[in-house]
Structure formats: structure tokens, C-alpha cells
1. For the pair ILE415/ASN428, report the inter-label distance in nm, with labels modelled 7 Å from Cα in the Cβ direction.
2. Which of the peptides 195-202, 333-340 is most tightly packed, and how do the rest follow, going by the mean number of other Cβ atoms within 10 Å of each residue?
3. Order these peptides, 513-522, 386-395, by their mean beta-carbon neighbour count within 10 angstrom, highest first.
4. Nearest 0.05, what FRET efficiency do GLN258 and LEU92 give at R0 = 56 Å with Cβ-Cβ as r?
5. Quick check: from the Cα gyration tensor, does the range 168-235 come out rounded (a/c under 1.5), prolate or oblate?
6. Using Cβ contacts closer than 10 Å as the measure, can you line up SER227, SER348, SER421, SER221 from fewest to most?
7. Going by C-beta contacts inside 10 Å, put SER117, SER185, SER362 in order with the fewest on the left.
8. What is the packing order of peptides 32-41, 401-410, taking the mean over residues of other C-beta atoms within 10 Å and listing the highest first?
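Any read-out appearing in this document is the output of simple, stated calculations on the displayed coordinates, not a laboratory observation. The shown structure was predicted, so the numbers you read here are calculated from the model rather than taken from an experiment. Cβ atoms come from the backbone with ideal geometry, glycine included; neighbour counts cover every protein chain shown.
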Amino acid sequence: MAIEAVKQFRATLNTPAYRLIVATANRNWSLLAVTLLTNLLSALLEGSTLGVIYLAISLLSDGAQEQQLPAVVERSLSIISLPNELLFLALLGVAVLLQTLLALSNYANKVGAAYLSARAQPQVTGRVFEQIMSFSFACASHYKIGDLVMFANNSAFAVNNQIQTLNGLIVSLTFNIVYAVILVSLSPLLALVAVVLAVVIIVVQRQLLPRLRATAHQLNSTQVELSKRMTENIQALRLLHTFGTQQRATDEVTLLLQEVQTQLQQRAKIFHLPEPILDVLPILSLAILAALAYGMSDASETILPLLVTFLLALQRLSVRLRGVAGAFTQLADNSANMQRLNSILETSDKQFDIVGGEQFESLQTDICFEEVSLSYTNDHSPALQNLSFRIPKNQVTALVGQSGAGKSSIVDLLIGLYQPSFGQITVNGKSLHNYNQVSWRQHIGVVSQDTFIFNSSILDNLRYGRPNATFGDVVEAAKAAQAHQFIVDMPDGYETIVGERGYRLSGGQRQRLALARAILKQPDVLILDEATSALDSESERLIQQALAEFQQNRTVIVIAHRLSTIAEADQIVVLEKGQLVEVGSHNMLMRKQGRYAHYWNLQTQGAVV
């Protein structure tokens, strides 16, 4: 059993969360040294206090001269030529001084542990956030937003609990060793009662800890689900109001809250169950000890100092044993939080963004898809199948097809959000995989119909892709995107705060801001994914004119359902069910009378693809 416990302890220390805590402790070794030294000092001061109390009580006893005192103590007392009454008062003063030093040492210990925790918490939270940011988009998309937010928010709480609990456990164990030595020194026979007390506590803990761990993990899972559901509903407030489903969302959350309540109540019954047991055991032990001690000798006066000191030491031991039991209970209760922290920090089961690689300077020749296939899942249902086509430099390439044809998947691969399942994408004749992904993305501008706007000023949103842009550059880009006028008409102009996800703006205004943001970035490659879908006809006409000028000397990839907007494209790629069916200009494809011509005829006759 002991060997198994050691193995389990080593396995725990080898988890990512504990490795991070240990690394933080190593960086703050001075704080760790203060914590350990003050812990040892406190234990020594506590033992010394009990020794002084024993001597003081011995001096007051009528049988003091008959006490079997240690030789060093007898020599020390003989040097001090004071009456017993004054010596008793002096010893009381020493005891008070020792307790004062003990209090200061305990304070220093707790402050040191708190400082260590204070430094560890932001480092752990930063590490968790860094881990999330380093996930590949494919990996991150497997998590719900509420789940990732809870990972980042709860990591500091879990680490703080673990550090404080472990510090308390070490302190209690150290004091228990001191008390055990004192009890055995005073009376090995009476110390057996303390052993029985410790054994009972261990048995109680062994019965309760597995149940508490199971309850804690179940509660943690429900709380995570509750957090995810609440986050999603808050993010979807517009949809909830549109469909009138606020009450349904409230009812779903209420059911989860009731489940949390039930599990919290179950946890409380298990968590606090040791307390009444540990409250009764010390009193029972003291009563038994007093009876045994009284029966051990007829000389009740000579045994009085030993009995009083022994009972005092046992009482303090019981408090520290409760501390040990409480620490193990806290560790079991926090195990679910630590396991979740380990799950997000673990790297073996996750995919990360490609780091390193050659810096991308500019698009020199073209972008080529070479037998590219993509599957988002492991069920072998590809979103793209064996695509091969070329995107020439400084030309407009349009992607056409029905919903689900694979147009957005091509954009995902170009940006590097996903990696091809098979085949490769080359840029300037080199695999895109070989380039530094950050430098590649800095040369790409994307405007999609699902535009994300930060809850900050319009100016900050426009500068997001180019933070060092001058205000004049921002205004010029806004004018090109037909956004300048509605911006200056707002109460604070470019300093207007637009609200969460830009809810204070209309869909067309958000899309024009996204277009201005892309224009300001001055990218080599511009991707327009239904970039004008939320605009009125007049705004769309003006933006198309601005884009026509902006597209000069740029490689542009356009996704559009309205084929009239891409009729002038240099190249049109027609997709169907993830496969390429046609490539050519508008006139060439119309002469073929294939799928593109079919789509064109449907739209010109008033139907919608």
C-alpha cells in the first residue's frame, strides 16, 4: 500500500500543473526557503513552550523536588538562584515570549506561502492563456468558448488552493512530529492513546476521501457545463430575443443550477463529516488519559506536571491532526480543478500552431493547390477532394458553388486555420507549411460576412491589423470602405465604443469597418467572403468601385453567391461537393454551358443559388 501511494505521489508530481507549480517555486526559491524555515522554527518554538510550561508546573507542585527532570534542566535551574515563586513567573514570561515568537513565525510562514501563491497564480493563468492561444484553430474549435474561459479563470483558483493547502499540510505534519516526540518523552504508555486517535482519523479519511473526490469531479463537470451554457446564451442574446426563447434558456440553466445545488449539498455532507468525529475524539481521549494517569501512581501531586503537560500536548496534537485531515480533504476537493488544469496544459493530445519556419516577405509568383483534400473530422467525410488549381499573383480569383461546396474550406486552408489532410499548398513554389505562419498571415486581409468587432473604439478596431497606422491612414481606409461618413456622424466619431461584438452598429456598418480594417492593413492577398452581403445596393456599388481601385497590384480571392459581382474576375473556380468542376473566365465558362452557366442562368432569371 505504501509503495502504491509513493507511485501515485510521483505520478501526481509529474503532471503538467505540478511541474508548473514546481517551476514557479524554483524561480521563487527565497520565498520557499522562508516558508520552510519558519515552519521548522514554529515547530521548535511550540515544543520549547510546552517544555517551559512543564517546568513551571513542576515548580508549583509540592513534589517538585521528586520530579525526574532532565540533567540539563536541573543544571540550568541550579544556576538560577531564585525562589520557586519568582522562577515560576520568569518561566511564564519565557512561555509568553516563545508564543509571541511562534505567532510571528506563523505569520511569516503564511505571508511567504501567500506571496508564493500570488506569484504562481498570474504565471499559471498566463501559461493557460498562452496554451490556448498556441492551439491550432482546429484544436481550439473542439472546445466551447465558455469552457476555455473557465479554464483560464479557474486555473489561478486551483493553484492557490493547492499551494495554501500543501503549506498547511506541511506545517501540521511538522508540528505533529514535535508533539509525538513530546508525548513519547513524557509517557510512552500514555502516547498509545494518541496513536489510537491518529489511527481513527486515518480510517475516517480513507473512507471519505474517495467519495469526496468522486463528488468533487461530478460537481466540477456540472459547473463547467453550466458555465458553457450561460456563456453561449449570453453570446446568443440577439438570437434568443429574435426567437423568443429566453424562458427556455432560463429553464435549461435553472435545471443545471438545481443539479449544482444537489451536488453542493452532497459535497457538504461528506466534506464536513469528519468534523464532529474529530471534535469528540480529543475530549474522549483526554478523559481516558486523565483516568489512566490518575491510576498510574498514588502520588497524584508528583504526576500532576506530567499529566497537565501531556494533556496540553495531546490537545494541540488533536488540533494539528485535524489540520492534516482537513488538508487531505481540501486536496481531494480540489482534485477536480487540478485535473482540469492538467487536461488543458497537457500537450500530447493537442495540435498547436506551426512555429518557426521561413519568414514570408511577399507573394512573388502564385499560390497553388496540389491534390489537396481536407476532412474536418475523423469520419472520412472530406470537405475538399483532390483540388488542384492555381491562384496567379495580382489577379482576381472567384470561388463559386452552392453552400457546402467547399469555398470557405479553401479560405480556411489558405489562412492556415486547418492543414490539408492530403496534398499541399505552395506559395512562391514552396510549401505553405514551410513559412512562418504569423508572417504569412500578416500579408493576408480577410473580410467575411461573419465580422468580429471588438468592444472598443472604432479607431482601435480599424487599427487592429496595423497598430502603428496614422490617423490619416485610418481615415483614408474608412473613406475607401464607405465608412467615414457614418463614423463621423456618431457621437464620439472614431472614439465611439461600439459595444460587445459591435452590437451598436448595423450589419452593413460592421461589414464596412471590417473592409476598412483590411484595406488599412495593405495586404498582399485580400480574401473577400461575401464581403458586401450586408450592404444596400448603393453602398455595394460604391464599395465595388473602391475595391476595383484597391485590387490593383493585389491578389484577390472572392467568394460570392451573386455572380454579377464576380463576372469581371480574371479566373472563376467552380466547386461542387468539395470537388473542382470548372475553371475559367466568365466568358469562357458561359461558352462551355456547364455548371457555372447553369448558375448564371438561374440568377438572371430571378432565382437564387
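1. Distance between label points: 2.3 nm.
2. The peptides rank, most packed first, as 333-340, 195-202.
3. Result, highest mean first: 513-522, 386-395.
4. Working from the Cβ atoms, E equals 0.45.
5. Judged from the Cα gyration tensor, the range 168-235 comes out prolate (a/c at least 1.5, a/b above b/c).
6. SER348, SER221, SER421, SER227
7. With the sparsest Cβ surroundings first, the list reads SER362, SER185, SER117.
8. Going from most to least packed, we get 401-410, 32-41.
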